[in-house]
Amino acid sequence: MSTQIYPTEPLKLWGKAKELRDQYYLDYRDAHEKGGLRWAGGAWSFDAVPAGLGRDVYSLTSEPYGATLAHNKELSLECLEASENAGYARDLCSYMRLYWGSILINKYPYGGGYPKPDFIWQDHICCSHAKWYQVVSDLEGGLPMWEVDVAAGPYKDVTPAKIKYIVDQLQDGVEWLEKTTGRKFDDGLFIEAVKNEMRSTSLWAAVCAENKAVPAPLDEKTMYSLYVLATLNKASKEVADFYAELLAEVKDRVARGIAAVGNEQIRLMSDTQPPWAFLKVFRYLEQYGAISVGSLYTFGLEGIWEVKEDGTWGPRTTPMEKGIKIKTRQQAMELMVDWNLSKPEWQHFYHPQLKTDMMLRIANEWKLNGIMLHYNRGCEGLSLGIAENRLGLLKAGFPVMTFEGNMGDEREFDENMTLARVDAFMESMGIKKVK
Amino acid sequence: MFTQFKEWYEKRHDYAMEWKEKTGGKIIGYFCTYVPEEILYAADVLPVRVLGGHEPQDVTEPHIFGMYCPFSRDVLAQGLKNKFFYLDGITIAQSCLHIRQAYTSWDLHRPTEFSYYLPMPHNVQSDHSRTFLRSELQQFQEAVEKWTGKKITDVDLDRGIDIVNTNRRLLKQIFELRRQENPPLTGQEAMYLVLSSQMTDKREHNKALLELLEQLPQRKLNRPTGERLMILGSENDDIPFTEMVEQVCEATFVIDDHCTGTRYFWNESVKDEDRLLEIANRYVDRVPCPTKDWPQRKRLEHIQNLIKDYDVQGVIVIQQKFCDPHELDIPAIQKSLKERGIPTLFLEFDVTAPLGPFRIRVEAFLEMMRQEDLF
Amino acid sequence: MITVGIDSGNRNTKAVVLKDGQVVGKALILTGFDANESAGQAYELALKAAQVSPEEVVAVVSTGVGRNEVKFAQEIITEIGSAAKGARYFVPTVNTIIDLGAEEGRAIKLTADGKIADFASNEKCAAGAGSFVESMARALQTAPEEMGPLSMKYTKEVPMNAQCVVFAESEVVSLIHQKTPKEDIARAVHDGVSNRVSSMVRRVGLLDDLALIGGPGRNRGLVQSLKDDLQKEIKVPEDPDYVSALGAALYAMEIA
């Protein structure tokens, strides 16, 4: 068994991704210095809407912020304990507990105290979403808050009435934003942001689709540092442009046969957020020549997909590509809501079979040998139905390994036990470590 | 006086099978109290709530990962063990993620001829949820019509609304009697009333409630009322726990806030020419489950009102283990009760409540309350 | 050909010496702080029992949680792999294995030709197997080995939700206060463990040919509870605690 089968190269855009991420957190922190606005909400929030308030409006999205805290071992423990001491249950969403902890101990990982938002702009599909910010508001002694229910059913059953329900809440939200901030809403800026969001999320899907290639140009551990930009700022021009650049680089890697993992021989996918403090599990896989080429999570948390003419999965065609002119706020909202309702990671909320079908599609089109499911105690939203996904994948003949952990609470992750499971999983597939 | 209700609860499956034999009608199992029973009664379908069996079980492990609540797993176990083999259909209205999994796994592994997921809106504080729910109810009605092969008319809907509203009204009238200094019924008895109403034909249940309502005002319980307690939180049909608090610890539950209690029946629908809108409004306006209680926490005020109306001295706050929606409200609830000087005891429920350890805690809680009385 | 398998477990370290596929020596000692040292001691004891000198040993394979610590082993095999090989040695047709240790429990499903089809192990909050019963025995002021015979004499089933040792212990204490007979409590403890274990078995999928390996296999009461839960016959090898070490020795034969 050779150790190096394919040539590898570091990703050129790696540094730029990191820069964009750091800048995002600093922009939010320092927004007030330049007279700008700060808002907080989820990574799935319709961030294009507050963009209509001006170019100096910055967000802090909750889940990536939680993950950022989780990366930092000491700080994360401090945050988690602060939340527990304040009476919040230990089995709640760990991002949320980290986030609250950061308020309670008043620390921001980019320096300074927790930068209090001017308002909350959140959406709601998981039980914890809207309530997350109820507690934030409790802890901050009250904050203006607008929350939009998007749980209108799976995309396969979409109707104009479902879209209208969400659009109506957003239209009211615009009025509320104007009243809360005292600023005039600019439809032009909003429409521009909607287009950016569609470009970002379609381009990210295009990047992920390149990973169908053998060898895979990207491994999942690297993808985490790239997809995160869409969770921060999907409606920004910077992120949309970055993904266009990234797509070009990844296509070039595929053309030249550049691999993410030089000894790729076993292709896997994971599921749900990884235990952020233990990404070395992915490095461990390399000892077996195994690579995780992605997951429904990395592909479809922000990426927007569609079934192409040949029956395979690819990036969803944007309204702009279809030649549709977006002229009004109402039209932009309807398109944006329809676009978001097709998000792959919103489908399993209604039935696990919808997710199993997508996972099987990935397993086949991305040529996988096996699947590792993270039973993530930190996220009841994305772990929803995961046991049924396992049964569905097994039934279809794919080897599946599960490991229990927590994306943001390392106390619930057993590293040795997990690596032992990887060993047993590889042994059961007849794979030996590369010496 | 309560034997019938207790028997309905304990022998829910016998009841359902007899009903089916007698009427030849269809029975649908529902997983959440946001399901519009009005439409099902209008279609002459009997809705029965699927609750757990309170027995340790080992069949759900392959289907629901261990961090979801024991109630949802217990409910699924009833399906996997074929306890509800007589169901012709199953349905859920969107609420929490936990119970949703019991429904979807049931759908996958114990398929019935009809299965419906109703996307009940969460944002009930937005008026848009009314029109949206109305359109969803329309779709639900059409699906039920297709299933039963029978058109549902306005007359049918009026009948359905009346059956369900009558049940709500009677239950509430009986619950009002618990405001008295010495309530004529215990918390355990009240629990049987509501639970049995979720498992029987409400027309029959209404008759029994009417009879009860005639007898109750004269009834004297040969027991001291003791501390007047409220119990609130997640789903709760833990009879042994209630029995222990009332019989061993000698306190009385005078009111509750559970979806197996007052949240289920507290408000009736308000007449509207548009029947589906009338039904939609009722579910939007009902006492919310915490999954739908945002951005404001409206339940806090409702709980305070119950405490005042029922002269509650102490509150036992319970939750199903891992119940995230309740866990997200409990600190706020406890804080608001504390601010008003109401003592609270928090307990985490599982499939079976550990009665020994819980008894010690309840007794200590009551002792603390009595101590405060001295000063 | 002589090979040795070493199973470095949380509680005990076991060694088995195989000569041409027959067990000729074995040893079991408590795992000390240094797993490698304990493995060395078990190795020497087993060789002595087999009357074999170290030079005659062709290959040593280690397994168990401490397998990577055993420096003198040429090769390692996971607990899952060794359990499968060892169980098959005793029951050639076995397709579902329950492997119980002091702290961990596992269920393994095998294909018809003995390959691993799937496996599951207990998670952090689950009551483990062996040590859980031991601590409950302590609460009952009973010797651990008495728990099995005691529970066989139960008359009434008492439900116990044994999710976690701390809670289960307080449940046991209140059962004692309620004057529940010891026999019934012992049965409840085994039922509690059995419930967790059979959940795991159902997760991998229950087939028809079951074997139970690991130390707790000696507890007849626990085995009975499992049989009642799963409604299947369960075969237990004579020395259930040595099966994984034996599996490692068998693997050593394959690679030698």
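Normalising the Debye intensity of the protein assembly as shown to I(0), with uniform scatterers on Cα atoms only, and taking log10 at q = 0.08, 0.10 Å⁻¹ returns -0.89, -1.35.
Note that chain A, at 10 °C in a medium of 1.306 mPa s, gets a Stokes-Einstein diffusion coefficient of 72 µm²/s from its Kirkwood radius over C-alpha pairs. Which of the lysines could a cross-linker span from A:Lys16 if the Cα-Cα distance has to be under 17 Å and same-chain partners fewer than 8 positions apart are dropped? List returned: A:Lys221, A:Lys234, A:Lys237. Between chain B and chain C, roughly 1300 Å² of accessible surface gets buried, counting both sides and using a 1.4 Å probe.
Can you list, largest first and rounded to whole Å, the semi-axes you get for chain B by taking the square root of 5 times each eigenvalue of its Cα gyration tensor? Write down the numbers at each step before the final one.
Details: eigenvalues 209, 102, 93 Å².
Output for chain B: semi-axes of 32, 23, 22 Å.
For segment B:140-243, the set of trypsin sites (Lys or Arg not before Pro) satisfying both a DSSP loop assignment and a count of at most 11 other C-beta atoms within 10 Å is given as B:Lys151, B:Lys220.
Put simply, the C-alpha atoms of segment B:263-306 give a gyration tensor, and the ellipsoid matching it has half-axes of 22, 12, 8 Å, longest first. With a threshold of 22 Å on the Cα-Cα distance, the over-threshold entries among A:Lys162/A:Lys343; A:Lys179/A:Lys325; A:Lys280/C:Lys85; A:Lys395/C:Lys227; A:Lys156/B:Lys146; A:Lys432/C:Lys115 are A:Lys179/A:Lys325; A:Lys280/C:Lys85; A:Lys395/C:Lys227. Projected over all directions and averaged, the alpha-carbon convex hull of segment C:92-236 occupies 7.8 nm². Only protein atoms count toward the accessible area here, which uses a 1.4 Å probe; on segment C:161-221, the carbon and sulfur part of that area reaches 57 percent.
Between C:Asp209 and C:Gln51, full extension at 0.36 nm per residue minus the direct alpha carbon distance yields a gain of 53.3 nm.
With angles folded into 0 to 90 degrees, how steeply does helix A:329-341 sit against the dominant principal axis of chain A? Use alpha carbons for both and round to 10. Helix A:329-341 sits roughly 30 degrees off the main axis of chain A.
Can you give the convex hull volume of the alpha carbon atoms of segment A:248-355 per residue, in Å³? Write down the numbers at each step before the final one.
Numbers: hull volume 18.7 nm³, N = 108.
So the per-residue hull volume is 173 Å³.
Just checking the listed ones, B:His54, B:His109, B:His326: in the Gaussian network model of chain B with Cα springs under 10 Å, the one fluctuating most is B:His109. Each Lys and Arg adds +1 at its Cβ and each Asp and Glu adds -1 at its Cβ; summed about the Cα centre, segment C:1-97 shows a dipole of about 320 debye. Largest GNM mean-square fluctuation across A:Val307, A:Val228, A:Val49, computed for chain A with C-alpha springs under 10 Å, falls on A:Val307.
For the interface of B with A, what's the total buried accessible surface in square angstrom, probe 1.4 angstrom, rounded to the nearest hundred?
Details: alone 15930 and 16910 Å², together 29010 Å².
Its buried surface, counting both partners, is about 3800 Å².
Across all C-alpha atoms in segment A:213-255, the radius of gyration and Dmax reach 11.2, 32 Å.
For segment B:244-340, the list of GluC sites (Glu not before Pro) that fall in a loop by DSSP and count at most 13 other C-beta atoms within 10 angstrom reads B:Glu273. Among A:Leu373, A:Leu26, A:Leu268, the largest mean-square fluctuation in a Gaussian network model of chain A (Cα springs under 10 Å) belongs to A:Leu26. In a simple Cβ point-charge model (Lys, Arg +1; Asp, Glu -1; nothing else charged), chain B has a dipole of about 180 debye relative to its Cα centre. Counted by Cβ distance under 12 Å from C:Pro237, the other residues give a net charge of -1, where Lys and Arg count +1 and Asp and Glu count -1.
As a check on your grasp of the helix formula, calculate [θ] at 222 nm for the protein assembly as shown: sum -39500 (n - 2.57) over DSSP H runs of n ≥ 4, divide by the residue count, round to the nearest 500.
Values: 38 runs with 495 residues, N = 1066.
Dividing the helical sum by the residues of the protein assembly as shown leaves -14500 deg cm²/dmol.
Compactness of segment B:9-149 is given as radius of gyration and Dmax, 15.4, 44 Å, from Cα positions. Here segment B:9-149 is treated with +1 on each Lys and Arg Cβ and -1 on each Asp and Glu Cβ, and its dipole about the Cα centre works out to around 80 debye.
Classify segment B:1-66 from the C-alpha gyration tensor, please: rounded if a/c falls under 1.5, else prolate or oblate depending on whether a/b exceeds b/c.
Numbers: a/c = 2.00, a/b = 1.37, b/c = 1.46.
The shape class here is oblate.
Once the 1.4 Å probe is applied to the protein heavy atoms, segment B:269-375 comes out at 43 Å² accessible per residue. Legend: calculated FRET efficiency, A:Arg183 to B:Lys308, from the Cβ-Cβ distance at R0 = 51 Å, rounded to 0.05, equals 0.75. Any residues in segment C:77-99 that have 50 Å² or more less accessible area with all protein chains than in their chain alone, probe 1.4 Å, and which are they? Listed in order, they are C:Thr78.
Ranking C:Phe167, C:Val52, C:Ser38 by Cα position along the charge dipole of chain C, where only Lys, Arg, Asp and Glu carry charges on their C-beta atoms, puts C:Phe167 farthest toward the positive end. Counting Lys and Arg as +1 and Asp and Glu as -1 over every other residue whose Cβ lies under 10 Å from the Cβ of C:Lys156, the net charge comes to -2.
Determine the equivalent ellipsoid of chain C by diagonalising the alpha-carbon gyration tensor, then write out the semi-axes as square roots of 5 times the eigenvalues, largest first, rounded to whole Å. All intermediate terms of the calculation are to be shown ahead of the outcome.
Values: eigenvalues 220, 77, 43 Å².
So the equivalent ellipsoid measures 33, 20, 15 Å along its semi-axes.
Where in chain B are the DSSP H helices whose alpha-carbon span along the long axis reaches 27 Å or more and whose Kyte-Doolittle mean is at least -1.0? Before the final figure, lay out each step's value.
Working: long enough: B:128-148 (30 Å, -1.04); B:154-176 (32 Å, -0.45); B:355-374 (28 Å, -0.09).
Passing helices, by number: B:154-176, B:355-374.
Annotation note: trypsin sites (Lys or Arg not before Pro) in segment B:1-66 located in DSSP loop regions with a Cβ neighbour count of at most 13 within 10 Å are B:Lys11.
The values are calculated or read from the model by the stated rules, or taken from the named source; none is laboratory data. Note that the coordinates shown come from a computational prediction; the quantities given were computed from them, not determined experimentally. Every residue, glycine among them, receives a Cβ derived from its backbone with ideal geometry; neighbour counts consider all protein chains shown. When the accessible area is computed, the model is the full protein with side chains, heavy atoms only, and any ligands, DNA or RNA have been set aside. Shrake-Rupley method; radii C 1.70, N 1.55, O 1.52, S 1.80 Å.
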